[in-house]
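Structure, as structure tokens:
No lab work stands behind these numbers, since they all come straight from the coordinates. Note that the structure is predicted; figures quoted are calculated from it, not measured. Don't worry about glycine lacking a Cβ; one is built from the backbone with ideal geometry, like all the others, and counts go over all protein chains shown.
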Ligand SMILES: Nc1ncnc2c1ncn2[C@@H]1O[C@H](COP(=O)(O)OP(=O)(O)OP(=O)(O)O)[C@@H](O)[C@H]1O
């Protein structure tokens with residue numbers, strides 16, 4: 001079952017599209033990554049999904065409900081943790097967590113259990129007022145509030161920005177635990193390693209358009225070919241669809257997503273002394289999509 005269905009949404013600012021014909025779907029229990037450079041349209045897409053802004057074209061269904069007409073019902077089952085954390089300065093973390101837990105219709109006992117659990121998990125000093133919290137501590141509080149209500153859908157915008165490595169680790173473990181219990185997680189992030197580790201699939205967005213949606217496993221992400229030799233057959237590599245990521249005098253690093261039958265004859269070229277095929281990092285894929293797209297086409 002699809003928890004999120006985004007159909008051909010577009011949003012214009014001053015006649016310029018911030019996003020254009022964006023479509024994707026997210027299945028129940030899936031961690032779906034959303035990746036793109038600054039200004040690509042990630043926040044605009046998220047804000048449209050949660051009905052903070054209205055799309056000029058297209059529509060969004062969450063849990064099979066129209067995101068605009070049924071915003072209240074959707075919010076009861078959804079948590080959104082924004083990248084930009086702002087709170088009432090004079091409340092303590094504990095005050096806020098109590099308000100949030102209460103709004104989720106949890107029993108008093110469940111509220112207390114969950115609050116204690118997240119205070120311990122994120123090593124929070126819950127008695128401090130919000131204006132006394134560092135950025136990282138505010139982020140921990142925002143994540144705790146997002147998780148406290150036990151939402152069916154968790155939408156995260158740059159969730160680990162500001163967290164130290166130990167807290168990032170604890171947060172990832174918590175996400176895995178929640179996923180195992182059936183939570184659907186939408187993870188917008190610049191952190192490619194984070195998306196590679198956590199997501200089942202990821203959409204790449206560039207200049208307001210979805211460039212590709214990929215499974216985050218090695219078969220479909222393609223492979224990295226590193227070659228050394230006096231006369232590298234770059235034209236042949238390009239002919240079989242390989243993308244040049246880096247090229248120096250006698251070495252090249254390429255991304256290749258095609259078959260081995262096409263690749264191996266090129267690797268047998270006498271201009272190559274050594275070659276190595278490795279699994280790519282998402283970073284290679286990101287560069288392929290954003291920086292070297294034109295080379296890949298040629
Ligand atoms: N309120 C607004 N008024 C005018 N233009 C806007 C507005 N909000 C977003 N934009 C423009 O829409 C485009 C997409 O912006 P958006 O904030 O969605 O990108 P993003 O991928 O979230 O970027 P970042 O990673 O830097 O947060 C950008 O060109 C941005 O300048």
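Equivalent ellipsoid semi-axes for region 1-151, as square roots of 5 times the alpha carbon gyration tensor eigenvalues: give them largest first, rounded to whole Å.
With the √(5λ) rule applied to region 1-151, the semi-axes are 31, 19, 13 Å.
Whole Å is fine, so just give me how far the alpha carbon centre of region 188-218 lies from that of region 1-65.
14 Å
Springs between alpha-carbon atoms under 10 Å, Gaussian network over the chain: tell me which of 211, 26, 60 tops the mean-square fluctuations.
Ranking 211, 26, 60 by mean-square fluctuation puts 211 first.
Working from Cα positions, state the angle (0 to 90°, nearest 10) between the long axis of helix 165-180 and the longest principal axis of the chain.
Compared with the principal axis, the helix lies near 80 degrees.
Expressed as an acute angle from 0 to 90° and rounded to the nearest 10, what is the orientation of the C-alpha long axis of helix 93-103 relative to the principal long axis of the chain?
Approximately 90 degrees, to the nearest 10.
At a 10 angstrom cut-off on C-beta neighbours, averaged per residue, how do the peptides 225-234, 200-209 rank from highest to lowest?
The most tightly packed comes first, giving 200-209, 225-234.
Angle, helix 108-121 long axis vs. longest principal axis of the chain, Cα atoms, 0 to 90°, nearest 10?
Rounded to the nearest ten degrees, it is 40.
Output the Kirkwood hydrodynamic radius of region 167-269, Cα pairs only, in Å rounded to one decimal.
Evaluated on region 167-269, it is 16.4 Å.
Please compute the Cα-Cα pair-distance distribution of the chain with 10 Å bins starting at 0, giving whole percents from short to long.
6, 24, 28, 21, 13, 6, 2, 0
Measuring from the lowest to the highest alpha carbon on each principal axis, how far does region 159-214 reach, largest first, in angstroms?
Principal-axis extents of region 159-214 (Cα, largest first): 33, 27, 14 Å.
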